[in-house]
Amino acid sequence: MKLMFGLPLLYLLLFCATQALGVQIHSTPGFNSDGVIQTELEKVVSLVCQPDSSREPQTDEELVWLRNGALVGLKEGNKEGRSSVCVTPVLYADNGANFTCHLSKNATVSASIILNVTYPPQISGSEEVTVEEESDLLLQCDVEANPPVTNTSWTLNGDEIDLAAGGFTVTNDGFKIQIMANKVEKSLHEGTYECSAYSNKYGQHTKTFSVTLTEKTMKFPLMPMIAGLVVVCLTIILAFASRWKMIAKCCKKITK
Ligand SMILES: *[C@@H]1O[C@H](CO)[C@@H](O)[C@H](O)[C@H]1NC(C)=O
Ligand SMILES: *[C@@H]1O[C@H](CO)[C@@H](O)[C@H](O)[C@H]1NC(C)=O
């Protein structure tokens, strides 16, 4: 008995609730019960805002769109009664963006949705790296992704890296992973390195680095060498000039 009385009351309350909202957003793709639209980079999201159908048909009420609180510029004819906004293409910066639509004359009559842009880590391809012996090695991979990667690793020539043996340091700040070594040696540090990151949504992503160690080059002191060369050249020019004077003098004597 109680239940039978309860249900109509609940429906009545729900009816009031949607009516109080006043405006509605329809989107492609659709959103979940938390108002979150799932999308990916390069995709298109279209949003349409309309006064709620349960609302008194007050025709051509002007609508306003906000993106993260900032006004979205709308063309004439895209404001009254129905207003659409298109996010194309979806970019990294759209992740977490909040789109709100409200009546121009009453901001409390509003509806909002949030974009959840998923993307894989930016790891792919291969890179040639040349390092001089006894200098420092630093390799890094960008592992930022949505949802975040669950696992990252480094290998050297296909094997897990013995961090202690090569004096390696590995860091992970959630955006990039790095491997570093100081005073590298050919026997320990040359080879093919690979970074990997595993995403539950996008799978394994890897990048390889072919690291070649070159012999340490002697660095010549360049500036003193240039200064020395200038002095030598000037001496030669001066010596030649004074001899030329003597030759000229001799010639004068002969012609006299
Ligand atoms: C704005 O809309 C809300 C909800 O419909 C209403 O309670 C409020 O009185 C309205 N404010 C104005 C200024 O019309
Ligand atoms: C965004 O999507 C990812 C992948 O489906 C999910 O793990 C995450 O919880 C979502 N975030 C929000 C705020 O909905």
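The values are calculated or read from the model by the stated rules, or taken from the named source; none is laboratory data. None of the values given here were measured: they were computed from a predicted structure. Please note: Cβ atoms are built from the backbone with ideal geometry, for glycine as well, and neighbour counts cover all protein chains shown. Areas reflect the complete protein model, heavy atoms only, side chains present, ligands, DNA and RNA absent. Shrake-Rupley method; radii C 1.70, N 1.55, O 1.52, S 1.80 Å.
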>> Given the criteria of a type in the set (A, V, I, L, M) and touching a residue at least 40 places away in the same chain (Cβ under 8 Å), does L138 qualify?
In response: yes
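Need at least 3 residues that are within 30 Å of G30 (Cβ to Cβ) and of a type in the set (A, V, I, L, M, F, W, C) per element, so show me which strands (runs of 3 or more DSSP E) inside the stretch 103-172 make the cut, counting only ones lying wholly within it. Break it down into steps so the answer makes sense when it comes.
Values: elements: 106-118, 126-132, 137-142, 151-156, 168-172.
In the stretch 103-172, the matching strands (runs of 3 or more DSSP E) lie at 106-118.
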> E61 fails exactly one of the following numbered conditions: (1) at pLDDT 95 or above; (2) within 16 Å of ligand 1 (Cβ to nearest atom). What is the number of that condition?
Replying inline: (1)
> Do we have C101 as modelled with pLDDT of 95 or more, within 16 Å of ligand 1 (Cβ to nearest atom) and of a type outside the set (G, A, S) here?
Replying inline: yes
> What are the residues in the stretch 121-144 that are open to solvent by 40 Å² or more (accessible area, probe 1.4 Å) and within 16 Å of ligand 2 (Cβ to nearest atom), if any?
Replying inline: E144
> Got at least one residue in the stretch 145-157 being surrounded by 15 or more Cβ atoms within 10 Å (Cβ to Cβ) and under 21 Å from A97 (Cβ atoms)?
Replying inline: yes
>> Please go through (1) surrounded by 18 or more Cβ atoms within 10 Å (Cβ to Cβ); (2) modelled with pLDDT under 95; (3) not aromatic (F, W, Y) for E80 and return the number of the only condition it doesn't satisfy.
In response: (1)
>> Quick check on V44: is it modelled with pLDDT of 95 or more, β-branched (V, I, T), within 16 Å of ligand 2 (Cβ to nearest atom) and more than 19 Å from T108 (Cβ to Cβ)?
In response: no
>> Among (1) without any contact (Cβ under 8 Å) to a residue 40 or more places away in the chain; (2) open to solvent by 70 Å² or more (accessible area, probe 1.4 Å); (3) within 30 Å of E42 (Cα to Cα), there is one condition V85 misses while meeting the rest; what is its number?
In response: (2)
>> I'd like the full set of residues that are within 29 Å of A93 (Cα to Cα) and open to solvent by 40 Å² or more (accessible area, probe 1.4 Å), limited to the stretch 171-193.
In response: T171, N172, D173, G174, F175, K176
>> Please go through the stretch 92-110 and give me each residue that is surrounded by fewer than 18 Cβ atoms within 10 Å (Cβ to Cβ) and more than 16 Å from ligand 2 (Cβ to nearest atom), ordered by number.
In response: S104, K105, N106, A107, T108
> Quick check: anything in the stretch 52-66 closer than 24 Å to A145 by Cα and surrounded by 12 or more Cβ atoms within 10 Å (Cβ to Cβ)?
Replying inline: no
> What are the residues in the stretch 106-136 that are touching a strand residue (DSSP E or B) at 6+ places or on another chain (Cβ under 7 Å) and within 16 Å of ligand 1 (Cβ to nearest atom), if any?
Replying inline: V109, S110, A111, S112
